[in-house]
1. Identify, by number, the condition in (1) modelled with pLDDT under 95; (2) surrounded by fewer than 21 Cβ atoms within 10 Å (Cβ to Cβ) that LEU40 doesn't meet.
2. Answer with yes or no whether GLU118 is closer than 28 Å to LEU254 by Cα and part of a helix (DSSP H, G or I).
3. Filter the range 16-47 for residues that are assigned to a helix (DSSP H, G or I), of a type in the set (A, V, I, L, M, F, W, C) and farther than 28 Å from TRP191 by Cα and give the result.
4. Of the residues VAL285, VAL217, which single one is open to solvent by less than 70 Å² (accessible area, probe 1.4 Å), more than 25 Å from the chain's Cα centre (by Cα) and closer than 22 Å to ASP112 by Cα?
5. Filter the range 202-238 for residues that are in contact with a Pro (Cβ under 7 Å, 6 or more places away or on another chain) and acidic (Asp, Glu); which is farthest from LEU103 (Cα to Cα)?
6. Give the residue that is farthest from TYR314 (Cα to Cα), with candidates limited to residues of the range 270-304 that are away from the ligand (no atom under 16 Å from the Cβ) and aliphatic (A, V, I, L, M).
7. Tell me, please, whether a residue that is within 16 Å of the ligand (Cβ to nearest atom) and on the phi > 0 side of the Ramachandran plot can be found in the range 15-23.
Amino acid sequence: MFLKTHKTGGSTIANILFRYGDSRNLTFALGSVAQGGNHLGWPQRFRLSSTLPVYRPLNILCSHTVFNKKPMNWLFPREISKYVTIIRNPVDNFESLFNYYQLGEDLGLGDDPVVSLENFLKRLSSFYSKVKRGIHARNPMMFDLGFSQKYFQNYTAVTEYINFLNKEFDLVMIMEYYDESLILLKRLLCWEIDDILHVKVNERLDKEKASNLSDRVKENIKRWNKADVLLFTYFNATFWKKIEMEGSGFYEDLSAFRKRRLKLQQICFENGSGAVQRIFGRKDVKGYSTRNDLNSSLKFLCNRWIKTENSYLYELGKKRQEELDSDLEKQTRIDDSTSWDVSKDLQYVPVET
Ligand SMILES: Nc1ncnc2c1ncn2[C@@H]1O[C@H](COP(=O)(O)OS(=O)(=O)O)[C@@H](OP(=O)(O)O)[C@H]1O
């Protein structure tokens, strides 16, 4: 169960999980197409009804949702499942989220990534309630991890919830240490290095980024998102303790992984092509150009690395629908209550009068 928090590098992990699960015919928790397919009830807490129906146990959940222990533990029993998530430095996370979702524009603060963010932080309380996607606009990571907004300003509640998360999750990855995070994931899931190969996806275009934020703005982002700061500080510390416990084999894996990834990236993609990828509607992010000289199997492999979340979900949804249709067909056949002719032992023989 991968709890995909917003703007933390989760789409890259989801792409890894899609490729892993799809090639092994595993079953994903899929959202309804009406919700865009990539949300499992978000911003509501996860419920059993948040996923499309399925007649077999689920193997992977990797779409946006809000953590909810009971239904999740039911679908992914703790004894046989791994619970993982990823977080990011709250300053960069908030900047990414604010500008990606154009919250400044929503509020009439203009489309300049730096100025609109500065102005938002100046008059927070009056703006917060007005943001259409207000859910995003404070402690977005703690929100996705299921912490109630009511307690955002309660230190005891925040720290207790972080302790609770520490018990619920087997691994909390850190975006700033992406490679190290993936090696921990590989080891936790007993995977091979090839299973975690990837390219960075969903990176904003440079013009949408607010680079060089002043120290004052950074400090205000931290003060506004105190619960996320506490979350990040706590799991950043446990992350390095985890790595220490892995021993020296961890760094051997890390170096082998980096070499292999570089090699495959060189095989698959043109260097610095400046390509742009459309991910939905009119939203573009940085993309990749696959090399022209690839044979068909390599082309297939390389294109899967950069396949967007939405097209993966669309394909998986279609596959699921076909399975459901055939499962339903089988059930209808079993339930056909007029088919009494398969055996005659209990055949109806009326009493003679
Ligand atoms: N491998 C790797 N290493 C470092 N950083 C990475 C990686 N993959 C994704 N990213 C950065 O993650 C940001 C996108 O996060 P998400 O995919 O979670 O966004 S979303 O909520 O699903 O829209 C986005 O950050 P910003 O560009 O700052 O917005 C990506 O650049």
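1. (2)
2. Numbers: closer than 28 Å to LEU254 by Cα: no; part of a helix (DSSP H, G or I): yes.
Criteria not met by GLU118.
3. Taking the range 16-47 as the starting set, the residues that turn out to be assigned to a helix (DSSP H, G or I) are 16-23, 33-35.
This time we only want the ones that are of a type in the set (A, V, I, L, M, F, W, C), so: 16-18, 33-34.
Matches in the range 16-47: VAL33, ALA34.
4. Working: VAL285 fails: more than 25 Å from the chain's Cα centre (by Cα).
Step by step, each of VAL285, VAL217 is checked, and only VAL217 is open to solvent by less than 70 Å² (accessible area, probe 1.4 Å), more than 25 Å from the chain's Cα centre (by Cα) and closer than 22 Å to ASP112 by Cα.
5. Ranking the candidates gives ASP228 first.
6. Here the answer is LEU294.
7. no
Condition check ((1) free of Cβ contacts under 8 Å to residues at least 40 places away in the same chain; (2) over 16 Å from TRP305 (Cα atoms); (3) crowded, with 22+ Cβ neighbours inside 10 Å) across all residues:
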| residue | (1), (2), (3) |
| --- | --- |
| LYS7 | no, yes, yes |
| GLY10 | no, no, yes |
| ASN15 | no, no, yes |
| GLY21 | yes, no, no |
| LEU30 | no, yes, yes |
| PRO57 | yes, yes, no |
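The values are calculated or read from the model by the stated rules, or taken from the named source; none is laboratory data. What you see is a predicted model, and the numbers here were worked out from it, not measured in a lab. Positions of Cβ are backbone-derived with ideal geometry, glycine not excepted, and every protein chain shown enters the neighbour counts. All accessible areas refer to the heavy atoms of the entire protein, side chains included, with ligands and DNA or RNA removed. Shrake-Rupley method; radii C 1.70, N 1.55, O 1.52, S 1.80 Å.
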